[in-house]
Amino acid sequence: MADDLSLQTQSAVSTPAVPPSSPPLDRERVEHLEPTGGSEERLACEALREASRWKLSPRRRRCRSLEASWRDAAGSIEAALHRSRTPASGQDASSDSLQSLADNARLLRSALQTARHAVEFTRDLPQLEPDGRKGTAVPRAYVASLGFLEAVDYTFEEHAFEAYFKAFQ
């Protein structure tokens, strides 16, 4: 009985083909560089430079720019979901990408609602006026995260994240 279960499990899980250029399976795929003092120092300087440009918003209000971004993303996702339900005449209705999108429609809609609620609660967070522009307040965490991603060229690494945000404290 146990053998039957293991055979069923093995056939249910597909393993991707390993390209010939891949490293052997016993070696780590990505070798991360250890953080150096210079890179941590550079990130700390970037964080301090970013924070020095911030202007705290005197009031907390709705973040209309984040609401607009959410609406754009929601519209794009809903349009893609609609296309997955009614494929165009030239599209194969059974294509893997369309099927995957249709299979995950409920999950995508749930994630959209979670994001919408998060945007609604940004009013409760400390806000900044980016570049000193009045009326364009966004959450401080959003501006700090954007600054981090720009400093690391949109390549997330935990040690870099830690070095960047330690500079704020």
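Listed values, structure above:
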| item | result |
| --- | --- |
| Among 140-148, 65-73, the order from most to least packed when residues are scored by Cβ within 10 Å on average | 140-148, 65-73 |
| Theoretical gain in end-to-end length, F165 to S100 [0.36 nm per residue, Cα-Cα removed] | 19.7 nm |
| Prolate/oblate/rounded call for the range 109-169, Cα gyration tensor, a/c under 1.5 rounded | oblate |
| Highest-first arrangement of 46-54, 149-157, where packing means the average Cβ count within 10 Å | 46-54, 149-157 |
| For A118, net neighbour charge (Lys/Arg +1, Asp/Glu -1) across residues whose Cβ lies under 12 Å away | -1 |
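Bear in mind that the values in this text are calculations on the coordinates, not laboratory data. Owing to the predicted nature of the structure, the values given are computational and were not obtained by experimental measurement. Using ideal geometry, Cβ is built from the backbone for each residue, glycine included, and neighbour counts are taken over all protein chains shown.
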